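Student: Submitted below is the structure of interest, expressed as structure tokens.
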Amino acid sequence: MAKNSANGDHQTTTKPPPTPSPLRFSKFFQLHSFFSADTSDENIVNELALTAIVSANVLYWIHSTPNMRILVTGGAGFIGSHLVDKLMENEKNEVIVVDNFFTGSKDNLKKWIGHPRFDLRRHDVTEPLLVEVDKIYHLACPASPIFYKYNPVKTIKTNVIGTLNMLGLAKRVGARILLTSTSEVYGDPLVHPQTESYWGNVNPIGVRSCYDEGKRVAETLMLSTTSLFLMIDIYAFATEIRIARIFNTYGPRMNIDDGRVVSNFIAQALRDEPLTVQAPGTQTRSFCYVSDMVDGLIRLMEGDNTGPINIGNPGEFTMIELAELVKELISPKVEIKMVENTPDDPRQRKPDITKAKELLGWEPKVKLRDGLPLMEEDFRLRLGVSKKI
Ligand SMILES: NC(=O)c1ccc[n+]([C@@H]2O[C@H](COP(=O)([O-])OP(=O)(O)OC[C@H]3O[C@@H](n4cnc5c(N)ncnc54)[C@H](O)[C@@H]3O)[C@@H](O)[C@H]2O)c1
Ligand SMILES: O=C(O)[C@H]1O[C@H](OP(=O)(O)OP(=O)(O)OC[C@H]2O[C@@H](n3ccc(=O)[nH]c3=O)[C@H](O)[C@@H]2O)[C@H](O)[C@@H](O)[C@@H]1O
């Protein structure tokens, strides 16, 4: 019978597990038969010697492996392209990006095009993919609400079929796979700040549900693949998964007319247009600078914890406060204008990052006040607006 069935508590069960697969009795899966039942001193010494030889060979094999092949889906997008930059810094990494360029652009990757360790392919993740890789960062999905609402069915397909395809690939080639999920799995949260154990408050039939529910299913798919494997008792062959729940991230290379609030406000300030605060303006978000985000994602991929783990900056701001800060830092004369909001806009959002701190040794370093000017510089270059002295 289930214990602790309340929202967020882990369920424990006293029921016996389902009948295991007959496969567990096949010779192939009898890993423990590697060691015999003979516990004599002589035999233990022999087995230890054998273990040492096997370990030495494994270590030699790991160190002599020339390159780590890493696939980044959605790598031409905002976060993806920064992740690619970081991964390419390591000369042992070969990076393959697949992207359908719906919201991403080759421009974001131009410094790597033609590099011998880099490969860019136009590919939609809703179609199967065959590549030999060791790790998969699965980011492909439009992130800005105006883009993910543009074709809701396609957004669902990208999250569901796309994630299934990437899980299929991971299983076939034995790769570890990381999914970039979202704080939107918490919907309009009734728990604040949001911990990973909170189940969320999502409208399943609202305009945001293609994204929110799509990501929730994507998380379920990731975890189900692993637990299904556990049920047939071939844990050693299960897909290794990682799930990051990303909170609002900002930085250079965001699409100028992306529709998200930080890019909107900076572009508006530079164009001398009013900053459009969507009513009531008291709704909050917590903004993470992109270099911190990339660091968090890599730590999650490289660590031992499956997740889901919140990755975000807990510094919380109302949209009016954000507009005031952009005004102060970028254009003190700009006007702030209240405009109509869209349905189901979450009223508050702030990550509880206890898990990220404890399990990944990660916490964000860049404060909003310091990150905004870095983004301003990039927007000025792309908009051709120089700083007035
Ligand atoms: N930026 C954030 O604040 C934020 C917050 C939470 C979660 N996320 C998640 O992080 C990931 C990256 O977000 P981002 O801000 O870089 O978004 P983005 O829109 O800049 O990048 C997404 C990339 O995926 C590509 N893409 C979309 N659909 C695809 C498909 N079917 N096949 C192949 N490529 C496809 C796009 O062309 C783009 O290059 C997304 O999965 C998003 O849901 C982002
Ligand atoms: O972090 C997340 O998990 C999610 O955050 C964002 O979704 P959202 O928070 O709605 O992002 P914005 O569109 O930037 O909106 C943030 C707030 O700013 C407000 N806003 C937006 C745009 C604008 O011009 N003015 C304005 O006040 C919105 O009403 C909202 O309250 C992302 O776009 C999602 O991809 C991501 O998954």
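Student: Let me confirm something: among Lys357, Lys365, Lys387, Lys350, which residue is modelled with pLDDT under 95, over 13 Å from Phe265 (Cα atoms) and more than 10 Å from ligand 2 (Cβ to nearest atom)?
Tutor: Being modelled with pLDDT under 95, over 13 Å from Phe265 (Cα atoms) and more than 10 Å from ligand 2 (Cβ to nearest atom) holds for just one of Lys357, Lys365, Lys387, Lys350, which is Lys387.
Student: Moving on to the next point. Are any residues in region 122-148 part of a strand (DSSP E or B), near ligand 1 (Cβ under 10 Å from one of its atoms) and in contact with a strand residue (DSSP E or B) (Cβ under 6 Å, 6 or more places away or on another chain), and if so, which ones?
Tutor: Answer for region 122-148, where residues must be part of a strand (DSSP E or B), near ligand 1 (Cβ under 10 Å from one of its atoms) and in contact with a strand residue (DSSP E or B) (Cβ under 6 Å, 6 or more places away or on another chain): Tyr137, His138.
Student: All but one of (1) within 16 Å of ligand 2 (Cβ to nearest atom); (2) within 24 Å of the chain's Cα centre (by Cα); (3) over 20 Å from Gly312 (Cβ atoms) hold for Asp378; state the number of the condition that does not hold.
Tutor: Result: Asp378 passes all but (1).
Student: Return yes or no: is Glu273 open to solvent by 20 Å² or more (accessible area, probe 1.4 Å), within 27 Å of Asn108 (Cβ to Cβ) and in contact (Cβ under 8 Å) with a residue 40 or more places away in the chain?
Tutor: When the stated conditions are applied, Glu273 passes them.
Student: Against the condition more than 28 Å from Asn151 (Cβ to Cβ) and more than 16 Å from ligand 2 (Cβ to nearest atom), how does Glu127 come out, does it pass?
Tutor: Here the answer is no, as Glu127 does not meet what is asked.
Here is a yes/no grid of residues against (1) open to solvent by less than 20 Å² (accessible area, probe 1.4 Å); (2) within 11 Å of ligand 2 (Cβ to nearest atom); (3) outside any helix (DSSP H, G or I):
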site	(1), (2), (3)
Gly259	no, yes, yes
Val262	yes, yes, no
Phe265	yes, yes, no
Gly281	yes, yes, yes
Ser291	no, no, no
Val294	yes, no, no
Arg299	no, no, no
Thr306	no, no, yes
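Student: Taking into account only those residues within region 73-118 that are of a type in the set (Asp, Glu) and within 15 Å of ligand 1 (Cβ to nearest atom), which is surrounded by the most Cβ atoms within 10 Å (Cβ to Cβ)?
Tutor: Looking at residues that are of a type in the set (Asp, Glu) and within 15 Å of ligand 1 (Cβ to nearest atom), I get Asp99.
Student: Test Arg172 against the criterion of being modelled with pLDDT under 95, surrounded by fewer than 17 Cβ atoms within 10 Å (Cβ to Cβ) and away from ligand 2 (no atom under 15 Å from the Cβ), and give yes or no.
Tutor: Judged against the criteria, Arg172 is a match.
Student: Then there's this: Would you be able to tell me the number of residues in region 274-303 that are small (Gly, Ala, Ser) and more than 16 Å from Phe247 (Cβ to Cβ)?
Tutor: Going through region 274-303 one residue at a time, the tally reaches 3.
The values are calculated or read from the model by the stated rules, or taken from the named source; none is laboratory data. This is a predicted model, so every value here is computed, not measured. A quick note on method: Cβ atoms are made from the backbone with ideal geometry, for glycine too, and the neighbour counts reach across all protein chains shown. Ligands, DNA and RNA are stripped out before the accessible areas are found, and what is left, the full protein with its side chains, is counted by its heavy atoms. Shrake-Rupley method; radii C 1.70, N 1.55, O 1.52, S 1.80 Å.
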